[in-house]
Amino acid sequence: MKSARRRVNLCCLEIRDEHRKAMEWLNTHMDDTVHFFAVRLKLLQIDDSKPAPKFEVIVQPNEWAKTVKSVASGEISETKLQQLNFWTEFKKGLM
């Protein structure tokens, strides 16, 4: 049975550097069933309109690192391996 994915979200007006680093560390070292996000909330206002929320992602899961970890442990499917190869070559073409 496949385990459910879980997300941990932190939404703040300001995110301190130590919290950002901790969440980045957690994203790098946790398995692929847990994802950590840090989101900064800003309000935008044009003229006399009501303020509207704008969410700025500060920390998000590093799927590349998790994919590499899966490849190293032999846990990656053939489809995921093909996708990884495709996007790796695509990225090389952009540089």
Please enumerate the residues belonging to the stretch 19-33 that are more than 17 Å from V57 (Cα to Cα) and of a type in the set (A, V, I, L, M, F, W, C).
M30
The strands (runs of 3 or more DSSP E) lying wholly within the stretch 1-59 that contain at least 1 residues that are at pLDDT 85 or above and surrounded by 11 or more Cβ atoms within 10 Å (Cβ to Cβ) are 34-44, 52-59
Of everything in the stretch 1-57 that's within 27 Å of I76 (Cβ to Cβ) and among the hydroxyl-bearing types (S, T, Y), which residue is nearest to the chain's Cα centre (by Cα)?
T28
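The values are calculated or read from the model by the stated rules, or taken from the named source; none is laboratory data. Everything quoted here is computed from the prediction, not taken from an experiment. Here the Cβ is made from the backbone with ideal geometry for all residues, glycine too, and neighbour counts use every protein chain on show.
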